[in-house]
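The values are calculated or read from the model by the stated rules, or taken from the named source; none is laboratory data. Model, not experiment: these values are computed from the prediction. Here the Cβ positions follow ideal geometry from the backbone for every residue, glycine too, while neighbour counts run over all protein chains shown. For the accessible areas, the whole protein counts, side chains as well, though only heavy atoms, and no ligand, DNA or RNA atoms are used. Shrake-Rupley method; radii C 1.70, N 1.55, O 1.52, S 1.80 Å.
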Amino acid sequence: MKLSFNSPFARAFVLSAGVALAPLASLAQDNLPEAISETSSMEDMLLHVGTAEENIDSAILIVMENLFRLSRWHISPVEMEPLEEKALEGMRLRINDRAEKLTEAQDALAEAQGELTTLQEQLAALSSNDNADQQERVTLDDQIIESRLNVEHFRKRLTAAEAYQEISTEILIEAGINHAFHALDPHSDFYAPIERAASEGPSDHGIGIGALLTPDGASKYRLENGAIIRSVLDPADNTPAFKAKLQRGDLITHVDGEPLAGMLITDAVDLIKGFPSTFVNLTVVREGEENPLNVRVSRQPFASKNVTYRIVDGDVAYIHINGFMEDTVNEDVAAAIRKVQEALGGVDNVAGYIVSVRDNGGGLVTEAVDLNNVFIDGAEFDRGYGADTPESVLRANTAVTTRDRDGLLDRHYTEPGDLTGGKPLVVLINGGSASASEIFAGTMQEYRGEIVGITSFGKGSFQRFGTASNGFGKEKITLGYYYFGPGDENSPYGKNINNVGIVPDVYTPFVQTYSDSEAGLANTMATPEDAGETTETTFTCDTISGEFNIAQADQSFIDPRTGEYDYQLACGVFTIKYNSPTAESAYGINFKDFVPQP
C-alpha cells in the first residue's frame, strides 16, 4: 500500500520518520514518452522514469521530508500544499522539456556553423583581392576565430542537451526538490548527491606559469611576433613567472625554440603549459635589453591568495579580499595591516587604508563580522550573556543584527581595538559585491569610512547550510535578513539593503554596470519594511578627458592580476589624500561634486 501524504497524521509522520531508504534505481530511460500529464501524481512520474515499486515510498519520503524542512526554516510561513505543487511541477518540467532543449541546442549549433561558413567565404574572397585592406583582413580573421569559439560553445551545449535526455529516480527527486526550493527565493538551494564524474580522471597536464598573456599586434587572437606579458599576477601569489623575474611588457617570441609569430594566443598558452615540475624555455624581448633573454621557468601549481595587499601612492595600504568563505579573512587582513605599518615605519606613516571587496560574492556572515572589528574601535561594555547592559548601549554598539521570521535572532557588537589607528578608510565596491561583502561595506559606511564605486548587488538575506533529510545531498535555506548599524525607531534592527544595495558615497561612472542584481532575480525576497534609509551619493569620480599616459603614471596603480590601470583605486586614494584639483591629472581621474542624473 502506497503512502498518502494528504492528512495531518501523515505529515507528522514524515517529520519524525527515520526510515532506512533502499538504494534507488539510477537507470537511464531511452524510450520515454515525449510528455506527461499535468494531473500526474508524484508516484506516476516516478514509475514513468522506471523507479521500482518497492522504492516509490522511499523516493516520495525524501522529497516530502526536505519540503517540510524548508517550510519550517524559511523566512515566511509556508503551507505544504504550494511546496508540493512546486515539487510536482519541477518533476514534470524535467520530464517534459527534454525534447525542447535538444531541438534548441541543435538549431543554435546549425546557426553558428552557418555563420562560420559565411565568414570563411568572405575571407576567401578577400584573400583573392591583392588590394584588400590589411586591417579588414585582420578584423575578418578575428571574427572567424570568435565564430569558431561560438561553434564549439554550442557543440558543448548540444552534448549537454543530449545528456539531459537521460533521466533517473535520483535526477527526478533532485528536480522536484530544487524547483520547490527555488520557488521561495533565489538563494534557497538543494545540492543532490548524484555523482557526475567525468569519464576520465583529473589530469596534471595543463599547469601554467602564472602570467597573463595578450597578442602583440592588431588582432585580438593572432600573434604578430609573439605574446606580450600583461601581468605576472599578484606577487603575493608567488607564481613561477614572478619567481623567474618575468616582467609586465616582456614579449615572448619563442617557446622551447618554436616561434610564436602567426600563432593563436590560445595555442601559445598551450605550448607554455605542461606537467608540473617540468621546465619551459622562453625567448623574451625586453625593453632596454640589447639582446633577447632566455628564461627558464618551472611549471608549478599555484593558487591565488584570498587576501592580498600592497602599498600604493607611496603610503596608502591597499588590501583586496576575494571572498569570505575562508575562516581566516580577519586574521589575514590584520596581518596585511601590520606588514604595511612595518614597511612604512609605523602606524603614523600610513596615510590611509583602502579595502576592495569588488566582485566579492560573500560567504560567511561571521567572517564579515570579525573583519568589521579590525577597523572599528568599539566602546567598552559588558558583552557577557545575561549582563545588565542598557538597550541603548547595546544598540549603539551593534555592528550587525540578524533576524528571522520570529524576530531578533542575533546581535554582533563592535569591539575595541581599531588596528589602523583611526586613519582614513575607503572601501571599493561594484555590482559584484554581495552578501558578506555588503555586510562589511555597509558597516564601514555606517561607522567608519567612505564607499567608492557603484551600487552593490543588494543581497540582504542570510542562509543556513546543512545536510538534507535522510542524508540525500546538501541544502541551503534562507533564514532571514541581516541589518547593519545601530538602528532607530523606524528601523530598530539597523539598515537592510535587500534589493537596494550599498549606495556609494563616491560614485565612479566609468565602472561597468552589472546585468544581475538582487532586485532583478526571479522571485526575489521583498525588501523589509524596516529596512532603514539609504545613504545618498555625494560626489562623483570620473576618468579625465584628454590624454593620460599610463606608462608614465605611478605603476603601483596597475592591477597585478589584470595588468590594467585601476582608476577606481585612484579614486580611492584621491578620496583619502587630496582635496585639490591640481593633484587630479596625476591619477587620471576627475573629482567633483555629484549631480544626480535624471
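In region 123-149, which residue that is open to solvent by 60 Å² or more (accessible area, probe 1.4 Å) and touching a helix residue (DSSP H, G or I) at 6+ places or on another chain (Cβ under 8 Å) is modelled with the lowest pLDDT?
Filtering region 123-149 for residues that are open to solvent by 60 Å² or more (accessible area, probe 1.4 Å) and touching a helix residue (DSSP H, G or I) at 6+ places or on another chain (Cβ under 8 Å), the one modelled with the lowest pLDDT comes out as Ser127.
For region 527-539, what are the residues that are at pLDDT 90 or above, within 26 Å of the chain's Cα centre (by Cα) and either open to solvent by 40 Å² or more (accessible area, probe 1.4 Å) or farther than 17 Å from Gly494 by Cβ (or both)?
Within region 527-539, just Thr527 meets the criteria.
For region 108-122, give me the residue count where each residue is among the acidic types (Asp, Glu), out of contact with any Ser or Thr (no Cβ under 7 Å at 6 or more places or on another chain) and surrounded by 12 or more Cβ atoms within 10 Å (Cβ to Cβ).
Matching residues across region 108-122 total 1.
In region 150-186, how many are in contact with a helix residue (DSSP H, G or I) (Cβ under 8 Å, 6 or more places away or on another chain), assigned to a helix (DSSP H, G or I) and in contact (Cβ under 8 Å) with a residue 60 or more places away in the chain?
Total satisfying the criteria: 16.
Within region 384-423, track down each residue that is among the polar types (S, T, N, Q) and over 20 Å from Trp73 (Cβ atoms).
Answer for region 384-423, where residues must be among the polar types (S, T, N, Q) and over 20 Å from Trp73 (Cβ atoms): Thr389, Ser392, Asn397, Thr398, Thr414, Thr420.
Would you mind finding the one in Asp554, Asp559 that is touching a residue at least 24 places away in the same chain (Cβ under 8 Å) and more than 25 Å from the chain's Cα centre (by Cα)?
The conditions single out Asp554.
With respect to Val63, determine if the residue is crowded, with 17+ Cβ neighbours inside 10 Å, in contact with a Gly (Cβ under 9 Å, 6 or more places away or on another chain) and at pLDDT 75 or above.
yes
Taking the options Val357, Val365, name whichever one is open to solvent by less than 10 Å² (accessible area, probe 1.4 Å) and either in contact with a helix residue (DSSP H, G or I) (Cβ under 8 Å, 6 or more places away or on another chain) or farther than 26 Å from Lys577 by Cα (or both).
Within the list Val357, Val365, the selection yields Val357.
Determine the pairs where a residue that is at pLDDT 85 or above, located within region 581-595, has a partner that is of a type in the set (D, E, K, R) and open to solvent by 50 Å² or more (accessible area, probe 1.4 Å) with Cβ atoms under 7 Å apart, the partner being 6 or more residues away or on another chain.
none
Taking region 387-441, which residues are among the aliphatic types (A, V, I, L, M) and either in a loop (DSSP other than H, G, I, E, B) or open to solvent by 40 Å² or more (accessible area, probe 1.4 Å) (or both)?
Of everything in region 387-441, those that are among the aliphatic types (A, V, I, L, M) and either in a loop (DSSP other than H, G, I, E, B) or open to solvent by 40 Å² or more (accessible area, probe 1.4 Å) (or both) turn out to be Ala387, Val393, Ala396, Leu408, Leu409, Leu419, Ala434.
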